Amino acid sequence: MMSCKYTADKILAYLDGRASAAERRELEAHLNCCADCRARVEEFRRLWSVLDELPAIEPSPAFDARLRERIAAAPQPALWSWLAPAPRVLAAFAAMLLVAAWLSWQSPMPAPETRPFEPSRSELEFTMIRDLSVLEDYDVLANFEALEVLPVVTEPEDRRM
Amino acid sequence: MARSDVQLMLDVKAGDETSFELLLQRYRTPLVNFLHRMVRDAALAEDLAQEVFLRVYCARRRYEPGAKFTTWLFRIATNLALNAIRDGRHRKAELSLDDPAEDGERALELPDGHPTAEQQLLDQHRQAVIRRAIFRLPEKQRVAVLLHKYQEMDYDQIAKILGCSESALKSLLFRAYETLRVELAPLVGLAAEAEQGSAPAAADGGRKA
């Protein structure tokens, strides 16, 4: 058997027709043996019929026209608002920008990337042009006997001491 | 087959103005009545109802189907009504008919040559007493009663509008109806003394002491 305190919301559901068939049976069984709840159900039923006396009103005939005027007068959304689906997204984006700016300010400038030395293209070209004459006469210079008979340079006696 | 509210709103989002007109036709009268019972001022109720529709229209591009459309609609209406009440914008009109306890003499002085003028006045008086009893409920209880009794909304919808659990809503509603039962006892036909157990035994049909 339900306690009367527990029945409060069941009475509402019973009266407004939202109670299931099982709930209705359960409450009706309780009402058969609880005069307090039976009286409460009857009072609520009467109360609701009193509340029904409040008449509904009709909107004025100018309602729609006035609404259209207000819609026409409302500020149009800015073009960029299409890019801003929600204020939260904008806020998150702004926060990300701030964090990124703060991080870049906090960390030192990254060192320039170090690469092994490579001569520039112009330097390579210069070396090639400089050696070009030697390479052209390579055969001559390789068999130039005059170079073989040159005296060996020796250091003077006195400097050897 | 009629399109659902959500489908109509999605069509409005896609730029279909006639769908907005259909939503307006569907909810114009319920909204005006809800707001009228909230603020007890017909002109202000219309103004607020237009504001609700204006906000819905302006938010159409951001609309995403989530909760029921009516939950969204009446949540906007509830917030606007409560703000209007807190700002003191309510009840600029209808004083003479809405509050007989404070303004009863003026109500009785209404000129009316109709044969049933007396009955009309009695009816108006009863309605004014009912409106005042509802208006005197705490804000949340008032919203709950209006949505439950007059809009016949489901508990879960009302709970979402009020931002509370369903069980909290049910006890809120029960307290509200208890208050109204006492406030409107003369209309309900029950003397206040009967609530205290001093009524004749026949009146309560053998209730426990």
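The values are calculated or read from the model by the stated rules, or taken from the named source; none is laboratory data. In this text the structure is predicted, and so the values were computed from the model without any measurement. Reconstructed Cβ throughout: ideal geometry from the backbone, glycine too, with neighbour counts over all protein chains shown.
Brief remarks follow.
- Pick from region B:29-82, criterion farther than 21 Å from B:Asp16 by Cβ and without any contact (Cβ under 8 Å) to a residue 12 or more places away in the chain, ranking: farthest from the chain's Cα centre (by Cα): B:Asp47
- Take the conditions (1) more than 16 Å from B:Ala77 (Cβ to Cβ); (2) at the interface with another protein chain (Cβ under 9 Å from one of its Cβ atoms); B:Arg132 misses just one of them, which is (2).
- Residue check, A:Ala21 loosely packed, with under 10 Cβ neighbours inside 10 Å, more than 30 Å from B:Ala45 (Cα to Cα) and at pLDDT below 85: no
- A single member of B:Arg61, B:Arg28, B:Arg55 is more than 8 Å from chain A (Cβ to nearest Cβ), of a type outside the set (Asp, Glu) and touching a helix residue (DSSP H, G or I) at 6+ places or on another chain (Cβ under 8 Å), and it is B:Arg55.
- Among the residues making up region A:17-31, a single one is within 13 Å of A:Cys4 (Cα to Cα) and within 13 Å of chain B (Cβ to nearest Cβ): A:Leu31.
- Residue pairs meeting the criteria (Cβ under 6 Å; at least 6 apart or on separate chains; first within 7 Å of chain B (Cβ to nearest Cβ) and closer than 16 Å to B:Phe53 by Cβ, in region A:48-65; second among the hydrophobic types (A, V, I, L, M, F, W, C) and not in a loop (DSSP other than H, G, I, E, B)): A:Pro59/B:Val32
- Taken over region B:136-176, the residue count meeting the criterion of being outside any helix (DSSP H, G or I) and either loosely packed, with under 14 Cβ neighbours inside 10 Å or more than 9 Å from chain A (Cβ to nearest Cβ) (or both) is 9.
- Sole exception among (1) surrounded by 11 or more Cβ atoms within 10 Å (Cβ to Cβ); (2) modelled with pLDDT of 85 or more; (3) more than 9 Å from chain B (Cβ to nearest Cβ) for A:Ala73, by number: (1)
- Residue check for B:Val12: more than 21 Å from A:Pro55 (Cβ to Cβ), touching a residue at least 24 places away in the same chain (Cβ under 8 Å) and buried (at least 20 other Cβ atoms within 10 Å of the Cβ): yes
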